Amino acid sequence: MRRITTFFILSFFLILSGCQLQESQVGEPPQKEWSIALHGGAGYVSKDMPEDRKEAYMQSLEEALAIGSEILENGGTALDAIEKTVNYLEDNEMFNAGKGAVFTAEGKNELDAAIMDGSTLNAGAITGVTTVKNPISLARKVMTDSKHVFFAADGAETYADQTDVERVDPSYFYTERRYESLKRAQAEEQSSSLIETDDQKAWKYGTVGAVAKDKNGNLAAATSTGGMTNKRYGRVGDVPIIGSGTYANDLVAVSATGWGEKIMLNVSAHTLAAYMEYKGVTLQESMNYLVDDVLEPGDAGFIAVDKYGNFSMKTNTGSMFRAAADSEGNKEVAIWE
Ligand code: ASP
């Protein structure tokens, strides 16, 4: 009798542990060792763009992707991968961040950036800097070397003085193309038309960002921007506001681009993470909810990677410069749908 009871108890525990194993196999999709996604801004870029310009954009996206992918493939951290990827995009004047940043209404270049480490929930952000060549690198120093999370304008410059980040004269950020965009935006502002064409909306947007999962399973997000053309004195966009344009935790890392005011009013990057966590839905389902249901058509685009190494990139504007890759060899580089 005793033997039979022991047999049944043992069988019960064996079945139970078998069920748990199956459950975890079903519930946890296979993990990709690493993955990365990046964007060079959402907006309304015309499909009629000259072929050589289109190719230059595609090549830049490929090069940026290769930088981050190599770091991750070699076992580097998600933070290093996204910082170096964003540095490349900041130095490339085709994108609205670092060199190539848009102009404020006063004809200046005021840069915003934020970075977040999903494994520690620590973050660093800066707004309104005018002499920092690579704002994302200063944001990283704010995260790792300061007691604070967010420095603004003069304070951010003073903090930069205490670091070894590369400084430039504000004139470094001048580009003819962006200055023309400002003049055009100001002329259009004077006209009485209230309905914007896609062409008019095209100059408004732009930003760069990267999100990654590394081989240790850590997630991180980074975003850097010149903001929106013709922005007013002291305007702060969504990018440096943690949870709006940039967010990472141990579940997902997110970077936004688009109409900053709309992105921040919907606390967008955090909304994507919270919806995943509270609803238990997939990254793609949460991305669809944010882009299709929370935001309105024309507002914004996002890139994200989750803890399994899945990536997702989606916009409800006409275009988004974007690229992504993972350790399984999946790769995507695109501008339009
Ligand atoms: N979100 C940025 C800002 O509002 C601009 C952009 O991504 O296009 O500053």
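Only one of Q20, Q59 is modelled with pLDDT under 95 and either outside any loop (DSSP other than H, G, I, E, B) or not small (G, A, S) (or both); which?
On the way: Q59 fails: modelled with pLDDT under 95.
Just one listed residue meets the conditions, Q20.
Can you find, within the stretch 242-260, the residue that is farthest from V305 (Cα to Cα) among those that are of a type in the set (A, V, I, L, M, F, W, C) and more than 10 Å from the ligand (Cβ to nearest atom)? Give the derivation first.
As a first pass, look at the stretch 242-260 and keep what is of a type in the set (A, V, I, L, M, F, W, C): 242, 248, 251-254, 256, 259.
Narrowing the set further to residues that are more than 10 Å from the ligand (Cβ to nearest atom) leaves 242, 248, 251-254.
Numbers: I242: 17, A248: 9, L251: 9, V252: 6, A253: 6, V254: 7 Å.
Per the criteria, the residue is I242.
Which of the residues spanning the stretch 322-337 are of a type outside the set (A, V, I, L, M), surrounded by 14 or more Cβ atoms within 10 Å (Cβ to Cβ) and more than 13 Å from A64 (Cα to Cα)?
D326, S327
Does T229 satisfy being within 13 Å of the chain's Cα centre (by Cα), closer than 12 Å to A101 by Cα and near the ligand (Cβ under 10 Å from one of its atoms)? I'd like the intermediate steps shown before the answer.
Numbers: within 13 Å of the chain's Cα centre (by Cα): no; closer than 12 Å to A101 by Cα: yes; near the ligand (Cβ under 10 Å from one of its atoms): yes.
In short, no.
Please work out if I136 is part of a helix (DSSP H, G or I) and either at pLDDT 95 or above or β-branched (V, I, T) (or both).
Numbers: part of a helix (DSSP H, G or I): yes; either at pLDDT 95 or above or β-branched (V, I, T) (or both): yes.
Considered against the rule, which asks whether it is part of a helix (DSSP H, G or I) and either at pLDDT 95 or above or β-branched (V, I, T) (or both), I136 comes out as yes.
Is it the case that some residue within the stretch 272-281 is away from the ligand (no atom under 12 Å from the Cβ), of a type in the set (K, R), surrounded by fewer than 19 Cβ atoms within 10 Å (Cβ to Cβ) and not in a loop (DSSP other than H, G, I, E, B)? Working first, answer last.
Taking the stretch 272-281 first, the residues away from the ligand (no atom under 12 Å from the Cβ) are 272-281.
Keeping just the survivors that are of a type in the set (K, R) gives 279.
Then keep just the ones that are surrounded by fewer than 19 Cβ atoms within 10 Å (Cβ to Cβ); that gives 279.
Still in the list and also not in a loop (DSSP other than H, G, I, E, B): 279.
There is at least one residue in the stretch 272-281 that is away from the ligand (no atom under 12 Å from the Cβ), of a type in the set (K, R), surrounded by fewer than 19 Cβ atoms within 10 Å (Cβ to Cβ) and not in a loop (DSSP other than H, G, I, E, B).
Look at A153 and say whether it is surrounded by fewer than 19 Cβ atoms within 10 Å (Cβ to Cβ) and farther than 22 Å from A253 by Cα.
Details: surrounded by fewer than 19 Cβ atoms within 10 Å (Cβ to Cβ): yes; farther than 22 Å from A253 by Cα: yes.
Yes.
Take the residues in the stretch 35-75 that are small (G, A, S) and surrounded by fewer than 18 Cβ atoms within 10 Å (Cβ to Cβ); name whichever of them is farthest from E337 (Cα to Cα). Step through it out loud before you land on a result.
Of the residues in the stretch 35-75, the ones small (G, A, S) are 35, 37, 40-43, 46, 56, 60, 64, 66, 68-69, 75.
Then keep just the ones that are surrounded by fewer than 18 Cβ atoms within 10 Å (Cβ to Cβ); that gives 46, 56, 66, 75.
Numbers: S46: 12, A56: 18, A66: 22, G75: 32 Å.
The qualifying residue farthest from E337 (Cα to Cα) is G75.
Listed here are the residues, each with its yes/no results for (1) of a type in the set (S, T, N, Q); (2) in contact with a helix residue (DSSP H, G or I) (Cβ under 7 Å, 6 or more places away or on another chain); (3) within 16 Å of the ligand (Cβ to nearest atom).
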{"position": "E63", "(1), (2), (3)": "no, yes, no"}
{"position": "I126", "(1), (2), (3)": "no, yes, yes"}
{"position": "L138", "(1), (2), (3)": "no, yes, no"}
{"position": "D145", "(1), (2), (3)": "no, no, no"}
{"position": "D154", "(1), (2), (3)": "no, no, no"}
{"position": "T163", "(1), (2), (3)": "yes, yes, no"}
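The values are calculated or read from the model by the stated rules, or taken from the named source; none is laboratory data. Note that the structure is predicted; figures quoted are calculated from it, not measured. Neighbour counts are summed over all protein chains in view; Cβ atoms, including those assigned to glycine, are modelled from backbone coordinates with ideal geometry.
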